[in-house]
Amino acid sequence: ATNAYEIGDPTLGKETARGVETTLHGEYGPLSFTVNGFYTDYKDFVALIPNGEEEDELPVFEFVAHDAVFKGFEAQADADLFSVGDFDIAARAQLDYVRATFDDEGDVPRIPPLRTVLGLEATSPHLDVRGEVEIAADQNRIADYELPTDGYTLVNLAATWRPGGEDHGLSVQLRADNVTNEEARLHTSFLKDVAPLPGRNVKLVLRGAF
């Protein structure tokens, strides 16, 4: 399914890690934010690496252990902007990044690039409307056998209707993902070079809770 012939190694030892993480959180009236930073030093980090051979016309990947360092951050900010009639308008911004390197083997494979998500939402007792833009940067910090992955911008829209209001469990959601039909590929996927994310798609979802 991953277009790879995978070979395990029962002799691998334990993967251990030492790390630090720090969190900064603040609230100023209608605005709140959280920033998390992390640094993790892995001993014998287990990774799936190609060995240059083929089996059944598939590249052979082996599970191996190398020391590695992961570092990065996650940030989120929320703001209650204003109200219009029954609707409360709010905005959210997210940003995340991770850098991962082996101590002696270069970059760790299949690491996601810098990513930003910007969202605007209007909520009311009967109707919620949300728009979201997800922006991923190019990923050029790659392992020797990987190909770079182009960045992308996805636009997603959703509207949720609750006929009985917030106190009833019935809701109908109309959702449109990748509205602009952008070609987007996840660098974390084994199949990203042959299978992009879905193009423009629309979903109608009926939910009931009781």
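Brief remarks follow.
- Cβ-Cβ contacts under 9 Å between residues 6 or more apart (or on different chains), taken from a first residue in region 183-206 that is within 16 Å of TYR152 (Cβ to Cβ) to a second residue that is outside any loop (DSSP other than H, G, I, E, B) and basic (Lys, Arg), are listed as ASN201/ARG175.
- Residue within region 70-93 that is touching a strand residue (DSSP E or B) at 6+ places or on another chain (Cβ under 9 Å), at pLDDT 95 or above, under 23 Å from HIS187 (Cα atoms) and of a type in the set (Val, Ile, Thr) present: no
- Within the span defined as region 118-134, every residue fails to be more than 21 Å from ASN178 (Cβ to Cβ), out of contact with any Asp or Glu (no Cβ under 8 Å at 6 or more places or on another chain) and β-branched (Val, Ile, Thr).
- Selection from region 106-146 of residues that are under 23 Å from PHE73 (Cα atoms) and charged (D, E, K, R): ASP107, ARG110, ARG115, GLU132, GLU134, ASP138, ARG141
- Residue that is nearest to the chain's Cα centre (by Cα) [pool: residues in region 175-210 that are in a strand (DSSP E or B) and exposed (fewer than 14 other Cβ atoms within 10 Å of the Cβ)]: ASN201
- Those strands (runs of 3 or more DSSP E) of region 1-105 in which at least 3 residues are in contact (Cβ under 8 Å) with a residue 12 or more places away in the chain, closer than 30 Å to SER124 by Cβ and open to solvent by less than 60 Å² (accessible area, probe 1.4 Å), considering only elements entirely within it, cover 31-55, 58-84, 87-102.
- Some residue of region 146-163 being at pLDDT below 95, open to solvent by less than 70 Å² (accessible area, probe 1.4 Å), more than 17 Å from ALA93 (Cα to Cα) and of a type in the set (Gly, Ala, Ser): no
- For the residues THR2, THR11, THR34, the requirement of being within 19 Å of VAL98 (Cα to Cα) and of a type in the set (Val, Ile, Thr) singles out THR34.
- Output for region 165-210, where each listed residue is within 15 Å of ASP128 (Cα to Cα) and of a type in the set (Val, Ile, Thr): VAL172, VAL205
The values are calculated or read from the model by the stated rules, or taken from the named source; none is laboratory data. Note that the coordinates shown come from a computational prediction; the quantities given were computed from them, not determined experimentally. Note: ideal-geometry Cβ built from the backbone for every residue, glycine included; neighbour counts use all protein chains shown. These accessible areas exclude ligands, DNA and RNA; they are computed on the full protein's heavy atoms, side chains included. Shrake-Rupley method; radii C 1.70, N 1.55, O 1.52, S 1.80 Å.
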